[in-house]
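Taking it in order: structure first as structure tokens, then the write-up.
The values are calculated or read from the model by the stated rules, or taken from the named source; none is laboratory data. None of the values given here were measured: they were computed from a predicted structure. Cβ sites come from the backbone with ideal geometry, for glycine too, and all protein chains shown count toward neighbours. These accessible areas exclude ligands, DNA and RNA; they are computed on the full protein's heavy atoms, side chains included. Shrake-Rupley method; radii C 1.70, N 1.55, O 1.52, S 1.80 Å.
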Amino acid sequence: MRRPLAVLIALLLGLTALAGCARTVDGEPVPVGAAGQSGSSDIDTDQFDKLLLECDVLPDAMIADVVAGGGFAERSFSGAICRWLVSGATDVVSVTFNWFEWGNVNLEKETAKKLGFQTENIKVASQSAFTQRSPDRPGVCGVTARAPSRGIFTWFVEPRSAPQGDPCAAPIKLMELLLQGGQ
């Protein structure tokens with residue numbers, strides 16, 4: 001008798017929750033942040049001092065030299081993630097950098113493993129770090145290390161074609177340069 005009653009109560013709670021979520025809202029959908037604006041949903045980033053500071057940790061030309069032996073690095077920014085599309089002499093390479101100020105290396109490593117990446121502990125500029133590689137995308141490599149001030153740094157490098165040599169060489173070098181102050 002207790003079991004059917006428990007099932008009935010759980011069913012009623014579930015239906016109540018679903019009913020509370022099912023409603024119609026009047027109006028027209030707009031992109032996040034665009035409500036109350038006319039025309040463009042662009043945000044004036046000039047009001048945020050040093051918004052893209054973390055993207056300046058290494059010069060664009062240095063990133064292009066490391067990942068493509070030169071060429072041109074075109075930068076973009078997406079939330080807390082800096083991205084470059086590097087056009088080299090023989091390849092186009094996607095580069096991603098993030099600095100999560102409250103990140104934790106162990107948590108990042110656990111997350112990488114849960115996402116199917118193979119990890120390997122390494123040292124970069126005397127700092128404990130790890131690589132992360134996807135068995136499905138052998139040309140992709142990421143390197144994560146503890147940031148000297150706080151949090152974590154991660155570099156990911158993904159060539160559009162098959163990489164020449166060790167795919168982790170470029171993100172390791174970028175991390176080394178970053179940890180040594182861009183030297």
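Which condition number does residue 124 fail, the rest of (1) open to solvent by 20 Å² or more (accessible area, probe 1.4 Å); (2) in contact with a Leu (Cβ under 7 Å, 6 or more places away or on another chain) being met? Unmet condition: (1).
You will find that of 83, 3, the residue that is within 15 Å of residue 156 (Cα to Cα), open to solvent by 60 Å² or more (accessible area, probe 1.4 Å) and at pLDDT 60 or above is 83 and no other. Checked against the criterion of being modelled with pLDDT under 90, touching a strand residue (DSSP E or B) at 6+ places or on another chain (Cβ under 7 Å), more than 19 Å from residue 171 (Cα to Cα) and surrounded by 10 or more Cβ atoms within 10 Å (Cβ to Cβ), segment 41-52 has at least one qualifying residue.
For segment 137-168, the set of residues classified as of a type in the set (Ser, Thr, Tyr) and more than 17 Å from the chain's Cα centre (by Cα) consists of 149, 161, listed by residue number. Restricting the first member to segment 116-145 and to residues that are closer than 19 Å to residue 181 by Cβ and among the charged types (D, E, K, R), and the second to residues that are at pLDDT below 95 and assigned to a loop (DSSP other than H, G, I, E, B), no beta-carbon pair is closer than 9 Å while six or more apart or on different chains. Residues that are in a loop (DSSP other than H, G, I, E, B) and open to solvent by less than 50 Å² (accessible area, probe 1.4 Å) were ranked within segment 153-183; the one that is nearest to residue 131 (Cα to Cα) is 168. Is at least one residue of segment 104-117 closer than 26 Å to residue 161 by Cβ and part of a strand (DSSP E or B)? No, every residue in segment 104-117 fails to be closer than 26 Å to residue 161 by Cβ and part of a strand (DSSP E or B).
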